[in-house]
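Asks: One structure follows; several queries about it will come next.
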Amino acid sequence: MKYTELPQSFLDEMNQLLGEEYPSYLESFAQPWNRSLRVNEQKLLPGNLASLLAERSGQKLEPVPWISNGFYYDSQWTASKDPYYFAGLYYLQEPSAMTPASRLPIEPGDMVLDLCAAPGGKSTELGARLKGRGMLFANDISSSRAKALLKNLELFGIPNICVTSETPEKLAECLPEFFDKILVDAPCSGEGMFRKEPDMVKDWVEKGPSYYAPIQQAILQQAVRLLKPGGYLLYSTCTFSRMEDEENVIALMKSCPEMELVPLEHFAGAADGFGLSGVLRLFPHKVRGEGHFLALLRKALRSTGSRMKDAAEGFNKNNAKGKGRHASASQPSRSSQELGDFPEFFRQLSVSFPLSQIRRIQDSIYYLPEQFPEGLRLRYLRTGLLLGELKRERFEPSQPLAMALKPEQFSNAIHFPHDDQRVIRYLKGETIALTEGEEPRKGWCLVCVEDFPLGWAKASGMTLKNKYYPGWRYQ
C-alpha cells in the first residue's frame, strides 16, 4: 500500500517517534514486503533444505541475517504448493515475525507455553527447539484459530504438544507457576504490518493502541502467574506504539517487582527501545522485514521450599476435584485389550512409546508428553500425539503420527522422488499405482517424498489405497 493511504494521526505519531528517520520509514512503503520461510530443524538442517530446493525446484534461498534457520525466497515461487511444504520441512513466515521464538531461550526438556499461539508460526519453532523433550502448551482463546494452530503443529511433526482454547485466567488457575518459558505474542494494533496487510489499517482506525494496551497488560499479568520462578517470559507485538510496547513492559515491572528485564542482544538494523533500553525494535526501513517489538523478562527465584509449597498448593486447590473432558485419560491403559490391535501395529515401529504414557480416550489413542498434567478442567483440542483411532478395535494410524516419524522408524515405507507426479496425486487423495520393484509389504505403508513422510496408505499388490488426511489435501 501507499503511505498516503495511512491515517494522518498514525503518520503524525510515527513522525514524532522516529524523528529524522521518518522519511526513510515512508520510503519503505514503496518496497514490497519480503517473502520468507523458516526451516523445521526437527526434520533437517537449514542448509540441507536450501540445497534440496536448489536442486529439485530450482529455487534459491537467501539467508535472513538474524535468523539461523530463516530464508528469503523468490516471490514467483508458490512455496505452499511444493511437496516439501506438505512434508513439514518449512513454515512460511515473515522474517521479523520469526524473531520472538528465536530469542526465547528454549532448552530441550522445558515446559513451554505459547499463550496467544494461533496460527502457529511461533509455536512450530518453539516445539521444534524442544527436540521431542519436555512439552509445548499452545493456546489460543479462539477455537477456530486454535484448529489452524493444531494443524500446523502436527504438520511440523511435533509430538510433545498440548493445544488448548482457553482464557489466560483459566490457564493460570489450573497451572500456577508451571512453565519454564512463556511467549506472549499479544494481539495488537498491527502498525508494523500495514505494508504487508493493509486491511489492518481499518482495525487500527476502529480500535487502535488504547483498545489493545489494557488487553495486553491483562494477558501479561496472567503470564506472570503461569511462570515458574527463574523462568523467562518473552513479550512481543507487531506494532510501533509505545503504549503497547515499552509502556506495557514498564507497567508490568512496576506491578510485578519479581519480573526483571533481560537485555536482548541487538543485530545489524535492530533498534533499542524508546524510554526503555534493552528491548528490541524492528522497523521496515532498517531491516528486510516488517515491524516488531520484543522484550525478554525473567522472574526472580524464591527459596526452594516456598516455591514448591506455593506451586503445590495452587495446583491442588484448582485441580484436585477437576473432571475435565479428558478426565477419562487420567488412568493408564493397563491391558492390550484396551488398545485393540495397536500393539500389533506398534511392533512395526522402531521408536519407543512407553505404555505408561499411552491413553485410550474413547476410540482414540494418544501418547502423552512426560509430566503432562492430567485431570485439568480445560478445553483441549489435543493432548499429546494422536497415534490413531480404533475402528471396531482395528487400529488405524493417524496423520500426526506419520508426520512425527522418520522413514526408518516404520518397517514398511515407500519413497517417491520429489518430481514424481504420484507425489501430488497422493496429496490430492488419489489411489496410487506402483511399478515393478516398488511393491511394499501388504498393509499399512508410510508414504514419503524422498526421505520425508507425507502420510499413510494401505498397500495391496501393486496399488496404494490412499489414506492421506482429507483436511490436508493439495488444492
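Asks: Since Glu197 meets every condition but one in (1) touching a residue at least 24 places away in the same chain (Cβ under 8 Å); (2) part of a loop (DSSP other than H, G, I, E, B), which condition does it not meet?
Replies: Result: Glu197 passes all but (1).
Asks: Thr237 fails exactly one of the following numbered conditions: (1) touching a helix residue (DSSP H, G or I) at 6+ places or on another chain (Cβ under 9 Å); (2) open to solvent by 60 Å² or more (accessible area, probe 1.4 Å). What is the number of that condition?
Replies: Just one mismatch for Thr237, condition (2).
Asks: Further question: Where in the range 234-309 are there strands (runs of 3 or more DSSP E), lying fully within it, with 3 or more residues that are under 30 Å from Pro176 (Cα atoms)?
Replies: So the answer is 259-262, 292-299.
Asks: Return a yes/no flag: does the range 57-76 have any residue that is modelled with pLDDT under 95 and among the hydroxyl-bearing types (Ser, Thr, Tyr).
Replies: yes
Asks: Moving to a separate point now. Report every pair of residues separated by at least 6 positions or lying on different chains whose Cβ atoms are under 6 Å apart, first residue within the range 219-237 and on the phi > 0 side of the Ramachandran plot, second open to solvent by 10 Å² or more (accessible area, probe 1.4 Å) and outside any strand (DSSP E or B).
Replies: Sorted first by the residue in the range 219-237, then by its partner, the pairs are Gly230/Leu301.
Asks: Take Ala404 and tell me if it is in contact with a Gly (Cβ under 9 Å, 6 or more places away or on another chain) and modelled with pLDDT of 95 or more.
Replies: So Ala404 fits the description; yes.
Asks: Among residues belonging to the range 95-105 that are of a type outside the set (Lys, Arg) and open to solvent by 10 Å² or more (accessible area, probe 1.4 Å), point out the one that is farthest from Pro263 (Cα to Cα).
Replies: Filtering the range 95-105 for residues that are of a type outside the set (Lys, Arg) and open to solvent by 10 Å² or more (accessible area, probe 1.4 Å), the one farthest from Pro263 (Cα to Cα) comes out as Ala97.
Asks: Further, regarding this structure: Quick one: in the range 17-50, of everything that is among the aliphatic types (A, V, I, L, M) and in a helix (DSSP H, G or I), which residue is most open to solvent (accessible area, probe 1.4 Å)?
Replies: Ala30
Asks: Looking only at residues that are hydroxyl-bearing (Ser, Thr, Tyr) and part of a helix (DSSP H, G or I) in the range 54-94, which one is least open to solvent (accessible area, probe 1.4 Å)?
Replies: Tyr84
Asks: Going through the range 143-163 one residue at a time, which ones are over 11 Å from Pro119 (Cβ atoms) and buried (at least 20 other Cβ atoms within 10 Å of the Cβ)?
Replies: Glu154, Leu155, Phe156, Gly157, Ile158, Pro159, Asn160, Ile161, Cys162, Val163
Asks: For the range 106-139, which positions are acidic (Asp, Glu) and open to solvent by less than 10 Å² (accessible area, probe 1.4 Å)?
Replies: Once the filter is applied, which keeps residues that are acidic (Asp, Glu) and open to solvent by less than 10 Å² (accessible area, probe 1.4 Å), the range 106-139 yields only Asp114.
Asks: Which one is nearest to Met98 (Cα to Cα), of the residues in the range 189-223 that are of a type in the set (A, V, I, L, M, F, W, C) and either open to solvent by 40 Å² or more (accessible area, probe 1.4 Å) or touching a Lys or Arg at 6+ places or on another chain (Cβ under 8 Å) (or both)?
Replies: Top of the filtered list is Met200.
Asks: If you take the residues in the range 1-16 that are assigned to a helix (DSSP H, G or I) and touching a residue at least 40 places away in the same chain (Cβ under 8 Å), which one is farthest from Arg281 (Cα to Cα)?
Replies: Only one residue fits best here, namely Glu5.
Asks: In the range 240-259, which residues are over 24 Å from Phe137 (Cα atoms), among the acidic types (Asp, Glu) and open to solvent by 60 Å² or more (accessible area, probe 1.4 Å)?
Replies: Glu247
Asks: Those residues that are closer than 15 Å to Asn69 by Cα and β-branched (Val, Ile, Thr), I need them from the range 119-144; list them, please.
Replies: Thr124 - this is the single residue of the range 119-144 that is closer than 15 Å to Asn69 by Cα and β-branched (Val, Ile, Thr).
Asks: I need the full set of residues from the range 34-72 which are β-branched (Val, Ile, Thr) and more than 19 Å from the chain's Cα centre (by Cα), in order please.
Replies: Val64
Asks: Restricted to the range 352-384, and to residues that are open to solvent by less than 10 Å² (accessible area, probe 1.4 Å) and part of a strand (DSSP E or B), which residue is nearest to Leu44 (Cα to Cα)?
Replies: Thr383
Asks: Go through (1) free of Cβ contacts under 8 Å to residues at least 40 places away in the same chain; (2) in contact with a Phe, Trp or Tyr (Cβ under 9 Å, 6 or more places away or on another chain); (3) not β-branched (Val, Ile, Thr) for Tyr91 and report which single condition fails.
Replies: (1)
The values are calculated or read from the model by the stated rules, or taken from the named source; none is laboratory data. Here the structure is a predicted model, which means the values were calculated and not measured. Cβ sites come from the backbone with ideal geometry, for glycine too, and all protein chains shown count toward neighbours. The accessibility values were calculated without ligands, DNA or RNA, using every heavy atom of the protein model including side chains. Shrake-Rupley method; radii C 1.70, N 1.55, O 1.52, S 1.80 Å.
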